[in-house]
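A single structure is presented below for examination.
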Amino acid sequence: MIPDGNSGGDDAADARATRPSLATPAGSPAAATPGPKASTSKAGTTRGSMLTPQNIRTALDALKEKTGTTTFVDLKVYDGYVLASIPTAAGAETVDAWQYRDGTAKRTGPDGTVEEGEPLIDMATVNWDALPGLLEQSKKELGVEKPTSTYVIVEPWMMDQVPCMRPYLSDEYGRGGYVLAGIDGKVKKVVSS
């Protein structure tokens, strides 16, 4: 079953709760990750679905204003909001959960620690412009004409820890799956549910 983003549980977050140390960011130099800032967002506003390159970049700008970084453990983009797991400071083992919704980025609580050897991902290096094409390809490849659930996860792939982007689609009957792509937007494989 493909998660719809509405459930309270997150296996990845649960796994991070026992992580012992911080790894080196993937896609960027070991950049500073200052703590949260108390500032009003100047990132701009979003219109419509968050699943567009422009709206994702606006969310990343707002999260960067609050955290000082775009280097995250992972990022999940849903139609109406964005969830991010972000180290609490440069070199920190601890991770906070963040949310961007309705034009506002806010910390929602602790999110465990970074697993030893797990790369961090500079979300500013992700080819967000490839996302619309990946979503269309997902519809065709997975045979989901009218998706009722669509979201994207960017995180290190569980098999090789290489950063990846996975657009998920499913219909009202739970049919669907995901397309596994690199953060450059190049498709590696299609997985049906």
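The values are calculated or read from the model by the stated rules, or taken from the named source; none is laboratory data. Being a predicted model, the structure only gives us computed values, none of them experimental. Note that we place each Cβ from the backbone using ideal geometry, even for glycine, and neighbour counts take in every protein chain shown. What goes into the accessible areas is simple: the full protein's heavy atoms, side chains included, and nothing from ligands, DNA or RNA. Shrake-Rupley method; radii C 1.70, N 1.55, O 1.52, S 1.80 Å.
What's the Cα-based Rg to Rh of segment 69-193, Rh via Kirkwood? Don't skip to the end; give the middle numbers.
Working: Rg = 15.0 Å, Rh = 15.2 Å.
Answer for segment 69-193: 0.99.
Would you mind checking Lys106/Lys189; Lys76/Lys140; Lys76/Lys146; Lys64/Lys186; Lys66/Lys139 for any pair whose Cα atoms are more than 31 angstrom apart? Show your work: numbers first, answer last.
On the way: Lys106/Lys189 34 Å; Lys76/Lys140 22 Å; Lys76/Lys146 21 Å; Lys64/Lys186 26 Å; Lys66/Lys139 35 Å.
Long pairs (Cα-Cα over 31 Å): Lys106/Lys189; Lys66/Lys139.
Moving on. Taking the Cα centre of each part, how many Å lie between segment 120-144 and segment 166-184?
Segment 120-144 and segment 166-184 have Cα centres separated by 9 Å.
Multiplying the sequence separation of Glu65 and Lys146 by 0.36 nm and subtracting their Cα-Cα distance, what value in nm do you get? Display every interim value, and only then the final one.
On the way: separation 81, 0.36 × 81 = 29.16 nm, distance 3.59 nm.
The span from Glu65 to Lys146 would gain 25.6 nm if fully extended.
Test of the criteria: in segment 93-193, which chymotrypsin sites (Phe, Trp or Tyr not before Pro) are in a DSSP loop and have at most 15 other Cβ atoms within 10 angstrom of their Cβ? Please list the in-between numbers first.
Working: sites: Trp98, Tyr100, Trp128, Tyr151, Trp157, Tyr168, Tyr173, Tyr178; in loops: Trp157, Tyr173.
The qualifying sites are Trp157, Tyr173.
I would also like to ask the following. What list of ³J(HN,Hα) values in whole Hz, one per residue of segment 96-106 in order, does the Karplus curve 6.51 cos²θ - 1.76 cosθ + 1.60 (θ = phi - 60°) give from phi, with Gly and Pro shown as x?
Rounded to whole hertz, the list is 10, 8, 10, 9, 10, 8, 6, x, 10, 9, 8.
How would Ser138, Ser192 rank on accessible area, largest to smallest, probe 1.4 Å? It would help to have the intermediate numbers written out before the result.
Numbers: Ser138 0, Ser192 85 Å².
Ranked list, largest accessible area first: Ser192, Ser138.
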